[in-house]
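The values are calculated or read from the model by the stated rules, or taken from the named source; none is laboratory data. Nothing here was measured: the structure is a model prediction, and the numbers come from that model. Backbone-built Cβ (ideal geometry, glycine too); neighbour counts: all protein chains shown. The protein model used for the area step is the full one, side chains on, heavy atoms only, and it has no ligands, DNA or RNA in it. Shrake-Rupley method; radii C 1.70, N 1.55, O 1.52, S 1.80 Å.
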Amino acid sequence: MQGHPFGSHRSIEPQNVLPQPAWKLDTRLPLYDNELLIDVEALNVDSASFKQLKEEAQGDESQLKQNVMNLIQTRGKLHNPVTGSGGMLIGKVQERGASYPHRWDIGDRVASLVSLTLTPLHIDEIVDMNLRTGQIHVRGYAILFESSPLAKLPSDLLDPLSLALLDVCGAPAQVERLVQTGDTVLVLGAGGKSGLLSTYQAQKSAGRTGKVLALEYDSAQVETVQKLGIADTVWQGDARDSLQVYEKVVDETAERLADVVINCVNVDQTEMSSILCTKDGGTAYFFSMATSFTAAALGAEGVGKDIKLMMGNGYASGHAELTLELIREHPQMKQVLLETYAPSAFNRETTD
């Protein structure tokens, strides 16, 4: 039996809608002919969602695990109703529907490049959970549609690092498109994984005649960005304090402001910092899932800003390859991320 290429046949509540806006998805087997079955090994919950879920559980790991399980069982997918966001997964190709395009072989280890908010997901057990990174090792399966992009896991990078990188690979890919030689770029939330990759790509794209400014809330991550040498100016600050951020950028740019602002912050109420710091005719790119479109649109109107507002699209053609190459060409950044996502392998001779 053939399912809809975009997966609407899996929507239960309501029926006949796309799976992302649906409240609940059908995870029952067998597969439709144009679906792919993945034996799931790990999930990477997006930063905004995992932060909210931890706060809801008040830091209690057992409660957090139960909340995540309840969420998946209730909705048939990992779709946080508070943040509206999900994450992505890695696993092995277990079965291919009869008419599914022959892009993958049984046993291939892959990463989904599509959100868990639209991926039918059945979890039998949460094996382990990293409270720092939002990575969860599980036993279960996922169903991917013929329209769902995937990437083969690289053999030269450890799985936890690949999982972290591919979760945010849309950000540096969009930065590569947006930033031109000579541009002034501001990155908000520069110390997280999406922030580090975006800052480095901004530096590459802007070139020697450009300028990259980086704001980060966490003092340790400020030091990390400084040590990596991927920004011209790095400072500690709160992206929710829009006037203070604006004054700093005015000073750093001699009132010219930024051609492009990249927002990678995982908390809300940071829209106006992005908008105020973007020059007229420039672009504010919101990769953060904590962004309110309403706050951004009405906020820009309220301060008379004629700028492009771009919501973060996690998919861009070639985004996985671009991101993996970024980390390969910057070994110091790779070490920093290994220390966070695969600490047992940090400073150890491996194939990564």
For this session: Quick one: which residues, 5 or more positions from VAL212 or on another chain, have an amide H under 5 Å from its amide H? H modelled 1.01 Å from N in the peptide plane, none for Pro or chain starts.
Result: VAL185, ASP232, THR233
Problem set entry | Proximal lysines to LYS193, defined as alpha-carbon separation beneath 23 angstrom and excluding residues fewer than eight positions away on the same chain | LYS51, LYS54, LYS152, LYS204, LYS211, LYS227, LYS334
Problem set entry | Using θ = phi - 60° and Karplus 6.51 cos²θ - 1.76 cosθ + 1.60, couplings along the range 194-206 (whole Hz; Gly, Pro as x) | 5, x, 4, 5, 5, 5, 5, 5, 4, 4, 5, 6, 6
Problem set entry | Cα-based shape type of the range 190-325, given that a ≥ b ≥ c are square roots of the gyration tensor eigenvalues and the cut on a/c is 1.5 | rounded
Seminar exercise, completed: For the range 274-349, averaging the sequence separation of alpha carbon pairs under 8 Å that lie six or more residues apart and dividing by its residue count, the contact order in percent is 27 percent
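Hey, what did the chain get for relative contact order, percent, Cα under 8 Å, at least 6 apart? Write down the numbers at each step before the final one.
Details: 772 pairs, mean separation 50.4, N = 352.
Relative CO of the chain lands at 14 percent.
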For this session: Give me the accessible area per residue for the chain, probe 1.4 Å, as a whole number in Å².
Result: 44 Å²
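Looking at the range 126-213, which trypsin sites (Lys or Arg not before Pro) are in a loop (DSSP not H, G, I, E or B) and have at most 15 other Cβ atoms within 10 Å? Mind dumping the intermediate values first?
Values: sites: ARG132, ARG139, LYS152, ARG177, LYS193, LYS204, ARG208, LYS211; in loops: ARG132, ARG208.
Here the sparse-neighbourhood loop sites are ARG132, ARG208.
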Seminar exercise, completed: Within the under-9-Å Cβ sphere about GLY91, not counting GLY91, Lys/Arg +1 and Asp/Glu -1 give a net charge of 0
For this session: Relative to the longest principal axis of the C-alpha atoms of the chain, give the angle of the C-alpha long axis of helix 47-56, reported between 0 and 90° and rounded to the nearest 10°.
Result: 80 degrees
Exercise. In the neighborhood of GLN221, defined by Cβ-to-Cβ distances under 11 Å, what is the net charge if each Lys or Arg adds +1 and each Asp or Glu adds -1?
Worked result: -1
Problem set entry | Nearest-10 value in Å² for the accessible area of VAL82, using the 1.4 Å probe | 100 Å²
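Please report the relative contact order for the range 1-78, taking Cα pairs under 8 Å with a sequence separation of at least 6, and give it as a percent rounded to a whole number.
Working: 72 pairs, mean separation 18.6, N = 78.
Over the range 1-78, the number comes to 24 percent.
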Exercise. Tell me, how many Å apart are the Cα centres for the range 187-201 and for the range 12-66?
Worked result: 26 Å
Exercise. Using the Cα gyration tensor of the range 1-53, with a ≥ b ≥ c the square roots of its eigenvalues, what is the shape: rounded (a/c below 1.5), prolate (a/b larger than b/c) or oblate (neither)?
Worked result: oblate
Exercise. So what are the ³J(HN,Hα) numbers for the range 207-223, from phi and the Karplus equation (6.51, -1.76, 1.60; θ = phi - 60°), rounded to whole Hz, Gly and Pro as x?
Worked result: x, 5, 8, x, 9, 10, 10, 10, 10, 9, 7, 7, 5, 5, 6, 4, 4
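In deg cm²/dmol and to the nearest 500, what is the mean residue ellipticity at 222 nm of the chain if only DSSP H runs of at least 4 residues count, each as -39500 (n - 2.57), divided by the residue total?
Result for the chain: -10000 deg cm²/dmol, rounded to the nearest 500.
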Problem set entry | Virtual spin-label span in nm between ASN16 and ALA295, 7 Å along Cα→Cβ | 3.7 nm
Exercise. Which net charge results when you count Lys and Arg as +1 and Asp and Glu as -1 among the other residues whose beta-carbon is under 12 Å from that of ILE38?
Worked result: -2
Problem set entry | Convex hull volume of the range 1-129 per residue (C-alpha atoms, cubic angstrom) | 99 Å³
Problem set entry | the range 1-35: trypsin sites (Lys or Arg not before Pro) falling in loop per DSSP and having at most 14 other Cβ within 10 Å | ARG28
For this session: Measure nothing but the geometry: give the 0 to 90° angle between the long axis through the Cα atoms of 61-75 and the longest principal axis through the Cα atoms of the chain, rounded to 10°.
Result: 70 degrees
Seminar exercise, completed: Within the chain, excluding any GluC sites (Glu not before Pro) found in a DSSP loop (not H, G, I, E or B) and having at most 10 other Cβ atoms within 10 Å, the longest uninterrupted segment runs 1-254
